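Data first, discussion second: the structure below is written as structure tokens.
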């Protein structure tokens with residue numbers, strides 16, 4: 001709930017900005033979320049939360065952490081596995097699309113929801129660009145074929161292409 005309220009505050013602040021463009025972020029120890037998927041009241045062109053056999057995305061985007069930004073994805077479980085399964089999450093790497101950022105975890109039958117975040121700070125993110133997060137579910141760590149894949153597109157309202165973190169202020173007027 002605390003993360004949701006933080007996300008809501010960030011959305012309100014960015015929606016009320018007085019001039020278009022981006023602004024630098026002062027590094028802090030407090031992480032905050034910049035959503036990149038549609039929520040009621042959002043920009044209608046934002047990527048819609050996607051679902052798969054096991055998961056339904058609640059929201060996804062970027063989390064600002066200190067001097068950098070990383071991906072995040074919150075999803076609820078639609079179908080619980082009968083036993084512990086294995087999850088591999090692949091985050092699009094803006095600096096090298098052929099080599100995604102990867103992390104993994106166990107998917108246990110008692111889980112109601114999941115929160116994924118990239119394993120490190122992501123550089124090369126460009127404001128207003130779309131990026132992909134893939135959540136692959138395997139029966140076990142040795143499996144090579146996923147039994148389910150959630151593919152979630154997120155829109156970046158964060159820019160890390162200059163070596164500093166900048167966040168979106170508002171959509172430029174046309």
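Identify, please: which residue in the range 158-171 is part of a loop (DSSP other than H, G, I, E, B) and touching a residue at least 12 places away in the same chain (Cβ under 8 Å) and is, among those, nearest to residue 104 (Cα to Cα)? Walk me through how you get there before you give the answer.
The first filter runs over the range 158-171 and keeps only residues part of a loop (DSSP other than H, G, I, E, B), leaving 160-165, 171.
Then keep just the ones that are touching a residue at least 12 places away in the same chain (Cβ under 8 Å); that gives 160-161, 163-165, 171.
On the way: 160: 24, 161: 26, 163: 27, 164: 27, 165: 26, 171: 35 Å.
Top of the filtered list is 160.
Answer yes or no as to whether residue 120 is surrounded by fewer than 16 Cβ atoms within 10 Å (Cβ to Cβ), assigned to a loop (DSSP other than H, G, I, E, B) and in contact (Cβ under 8 Å) with a residue 24 or more places away in the chain. Explain how you work it out, then say what you get.
Values: surrounded by fewer than 16 Cβ atoms within 10 Å (Cβ to Cβ): yes; assigned to a loop (DSSP other than H, G, I, E, B): yes; in contact (Cβ under 8 Å) with a residue 24 or more places away in the chain: yes.
So residue 120 passes the test.
Among (1) modelled with pLDDT of 95 or more; (2) closer than 20 Å to residue 32 by Cα, there is one condition residue 157 misses while meeting the rest; what is its number?
So residue 157 meets the others, but not (1).
Across the range 1-31, what is the number of residues that are at pLDDT below 50 and closer than 14 Å to residue 74 by Cβ?
Result for the range 1-31: 8.
Select from the range 55-70 the residues that are in contact with a strand residue (DSSP E or B) (Cβ under 8 Å, 6 or more places away or on another chain) and touching a residue at least 60 places away in the same chain (Cβ under 8 Å) and write down the one among them that is farthest from residue 126 (Cα to Cα). Break it down stepwise before answering.
Taking the range 55-70 first, the residues in contact with a strand residue (DSSP E or B) (Cβ under 8 Å, 6 or more places away or on another chain) are 55-64, 69-70.
Narrowing the set further to residues that are touching a residue at least 60 places away in the same chain (Cβ under 8 Å) leaves 55, 57, 60-62, 64, 69.
On the way: 55: 27, 57: 23, 60: 16, 61: 13, 62: 12, 64: 14, 69: 11 Å.
Once the filter is applied, the top-ranked residue is 55.
Out of 144, 132, report the one residue that is more than 12 Å from the chain's Cα centre (by Cα) and either farther than 19 Å from residue 57 by Cα or surrounded by 14 or more Cβ atoms within 10 Å (Cβ to Cβ) (or both).
Working: 132 fails: more than 12 Å from the chain's Cα centre (by Cα).
Step by step, each of 144, 132 is checked, and only 144 is more than 12 Å from the chain's Cα centre (by Cα) and either farther than 19 Å from residue 57 by Cα or surrounded by 14 or more Cβ atoms within 10 Å (Cβ to Cβ) (or both).
Determine whether residue 34 is modelled with pLDDT under 95, closer than 16 Å to residue 165 by Cα and in contact with a helix residue (DSSP H, G or I) (Cβ under 8 Å, 6 or more places away or on another chain). Give the derivation first.
Details: modelled with pLDDT under 95: yes; closer than 16 Å to residue 165 by Cα: yes; in contact with a helix residue (DSSP H, G or I) (Cβ under 8 Å, 6 or more places away or on another chain): yes.
When the stated conditions are applied, residue 34 passes them.
Out of the residues in the range 141-157 that are part of a loop (DSSP other than H, G, I, E, B) and out of contact with any helix residue (DSSP H, G or I) (no Cβ under 8 Å at 6 or more places or on another chain), state the one that is farthest from residue 79 (Cα to Cα). Outline the logic, then answer.
Start the filter on the range 141-157 by keeping residues that are part of a loop (DSSP other than H, G, I, E, B), which leaves 141-147, 156-157.
Subsequent filtering for residues that are out of contact with any helix residue (DSSP H, G or I) (no Cβ under 8 Å at 6 or more places or on another chain) retains 141-147, 156.
Numbers: 141: 20, 142: 22, 143: 20, 144: 21, 145: 19, 146: 15, 147: 13, 156: 29 Å.
That would be 156.
With respect to the numbered conditions (1) at pLDDT 75 or above; (2) more than 30 Å from residue 138 (Cβ to Cβ); (3) in contact with a strand residue (DSSP E or B) (Cβ under 7 Å, 6 or more places away or on another chain), which one is the sole condition not fulfilled by residue 52?
(2)
Has the range 24-31 got any residue that is outside any loop (DSSP other than H, G, I, E, B) and surrounded by 14 or more Cβ atoms within 10 Å (Cβ to Cβ)? Working first, answer last.
Pass one, the range 24-31, residues outside any loop (DSSP other than H, G, I, E, B): 24.
Still in the running and surrounded by 14 or more Cβ atoms within 10 Å (Cβ to Cβ): none.
No; the residues of the range 24-31 include none that is outside any loop (DSSP other than H, G, I, E, B) and surrounded by 14 or more Cβ atoms within 10 Å (Cβ to Cβ).
The values are calculated or read from the model by the stated rules, or taken from the named source; none is laboratory data. Model, not experiment: these values are computed from the prediction. Because the Cβ atoms are built from the backbone with ideal geometry, glycine has one as well, and the counts that use them run over all protein chains shown.
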